[in-house]
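Inspection log for the structure reproduced underneath, given as structure tokens.
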Amino acid sequence: MAAKAVKIEYKKRSDGRSWEELRPIEAKTGIVPRADGSASFKIGHTLAYAAVYGPRDLHPKFMQNPETGILRCRYNMMPFSGHGERVRPGTSRRSQEISMLMSKALLPVLDLKDYPNSVVDVFVELPETDAGTRCAGISAAAMALADAGLAMKDLVVSFSMGYYDGQIMCDLSGYEDCDVGVSDIPVAYIPSMDKFSLLQLDGEVPKEDLIKILQLAKKKALDMYKVQQESLKAKYRQGE
Amino acid sequence: MKMTKEHVLKYLTSGTRYDGRKNDEYREVKIEYGVSHAAEGSARVSIGETVVIAGVKMGLEKPYPDTPMQGNLMINAELTPMSSPLFETGPPREQAIELSRVIDRSIRESKAIELTKLCIKEGEQAWSVMVDIVTVNDAGNLFDAAALAAIAALQDTAYPEHDAEGNVNYSKKTKEKLPLAQTPIEVTVLKIGDHIIADPLPEEEEALDARLTVAVNDKNVICAMQKGGDMPLSIDEISAMVDLAMAKAKELRKKLTR
């Protein structure tokens, strides 16, 4: 998004957070009992539900892979979830790209070799959005996959980083992303591998600062990781 | 696990349904208002484990030429693949279309929203009210949950700010609420064998012979109906089903706290 000629007030952000501070996070596991696994992930006013079905038979048949199961993600904003006009139901170019990126972000932690010709479906639905929707979707989906009992190497933690005029910041709000025009860098991080499985960038960032951004992202990801783990544990502690 | 019709009937004959309820008993109903700040109004309804969210978006549009003094009401429902393994991605199929149309009729025919009040300038500017219903978890009785979510979301709806040119400022909601003249309540009653039940589970829905959805307005007058299922109904059966629906509608109405 092109930077507009609006300076953000230095020292603090529009919502009063410090530069490194994430918005309040709330994670819940098992929100869709009908699914094999599910979770919700809320960060600020962005809320993502994720539900996992599978491994199950894959149709159409020509997509089946006899060597491994496949992961299929679907990202969908509820029609009333945007801060603006109604979002038309159905897929768009944007939602299709995000769906694909979500699968790529999640696949490295999965091993679907034991499920040939099958599919694991991940459905992400957003009732409320305020920037960082793909990231909240990935964070929720990782928890839902774990809740579904799939063999996983780790969870995936995702949020967006921001950069504006030399200042690095964590977890952009809708205001910062759209109204101010902060460079938006959505990332997904896999702690045990110490690697990133999602990396996008919209805006201008010098190379040296990009490395600093990723280093800070790693550090903050661990905070979010704990929330995901705690939520998963909480469900199973109740013995559900 | 698939339960056969025979099995469902065995439970009904014994007088207790397989989740332990009586035939006319509802599961716990919860309504949460204002669940999405992005929408002009929203609500989340749960009936037992069934969860449905409805949200309202308002837009300023030119009225249709044949109704220059009226705003527009639109009800849409999505049975998401998230909510049940039986729902698939893609455009709404007949089940979702029927659901949204039955709810549309209960709201339209009860005149819950007076469309002329949505008109700002004749033939030029009027509000359109767009209600979207999204299923989160299907544990049976999506009809009643969706109808309740839609009306609760409308109760929660406030107009956004707008200027004279018709630009809407969605980031600012006014204190002015969307006026509702009626709050129609829908109750779906199933007939399985000789049994009449309210608030069905998915296995009971699969075993149904006939289904009757009844909407009643504030004065307890029927304002919309829809029969479903493959078997026909006698007058006596219809009468009994409507009686049960109307009794349950009274209970459901108490859950709306606005």
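The numbers here are math on the coordinates, done by the rules we state, and not lab data. Quantities reported herein were computed from a predicted structural model and do not represent experimental measurements. Every residue, glycine as well, gets a Cβ built from its backbone with ideal geometry; the counts of neighbours run over all protein chains shown.
Structure notes:
- Kyte-Doolittle mean at least -0.5, axial Cα span of 27 Å or more - DSSP H helices of chain B: none
- Cβ crowding within 10 Å ranks A:H59, A:H45 as A:H59, A:H45, fewest other Cβ atoms first.
- Considering only B:A150, B:A247, B:A126, the mean-square fluctuation computed in a Gaussian network model of chain B, springs between alpha carbons under 10 angstrom, is largest for B:A247.
- One quarter of the surface of the convex hull around the alpha-carbon atoms of chain A equals 13.7 nm², the direction-averaged projected area.
- Residue exposure sequence - B:R21, A:R34, B:R258 - by fewest surrounding Cβ within 10 Å: B:R258, B:R21, A:R34
- GluC sites (Glu not before Pro) restricted to the range B:128-200 and DSSP loop, no more than 13 other C-beta within 10 Å: B:E165
- Exercise: per-residue mean of other protein chain Cβ atoms within 10 Å, A:121-129: 5
- Unsatisfied cross-links (Cα-Cα over 27 Å) in the set A:K42/A:K195; B:K62/B:K254; A:K104/A:K207; A:K28/A:K207; B:K57/B:K191: B:K62/B:K254; A:K28/A:K207; B:K57/B:K191
- Helix axis angle, A:93-106 relative to chain A longest principal axis, alpha carbon, degrees: 70
- Within the straight-line cut-off of under 15 Å between alpha carbons, the aspartates and glutamates reachable from B:K121 are B:E61, B:D66, B:D163, B:E165, sequence neighbours fewer than 8 places apart in one chain being disregarded.
- Build a GNM of chain A with springs between Cα atoms under 10 Å apart, and of A:R94, A:R56, A:R17 the one that fluctuates most is A:R94.
- For chain A, the longest principal axis of the C-alpha atoms and the axis of helix A:133-147 are separated by about 30°.
- Whichever aspartates and glutamates have a C-alpha closer than 16 Å to that of B:K219, once near sequence neighbours (fewer than 8 apart) are set aside: B:E109, B:E186, B:D243, B:E251
- According to the calculation over all Cα-Cα pairs in the range A:167-240, the P(r) per 10 Å bin from zero is 16, 41, 27, 12, 4 %.
- Angle in degrees between helix A:207-237 and the longest Cα principal axis of chain A, rounded to the nearest 10: 50
- Rg ratio (alpha-carbon, reference 2.2 N^0.38 Å) - the protein assembly as shown: 1.04
- Within the range A:172-210, GluC sites (Glu not before Pro) in DSSP loop having at most 10 other beta-carbon neighbours inside 10 Å: none
- Projected over every direction and averaged, the convex hull enclosing the alpha-carbon atoms of chain B yields 14.5 nm².
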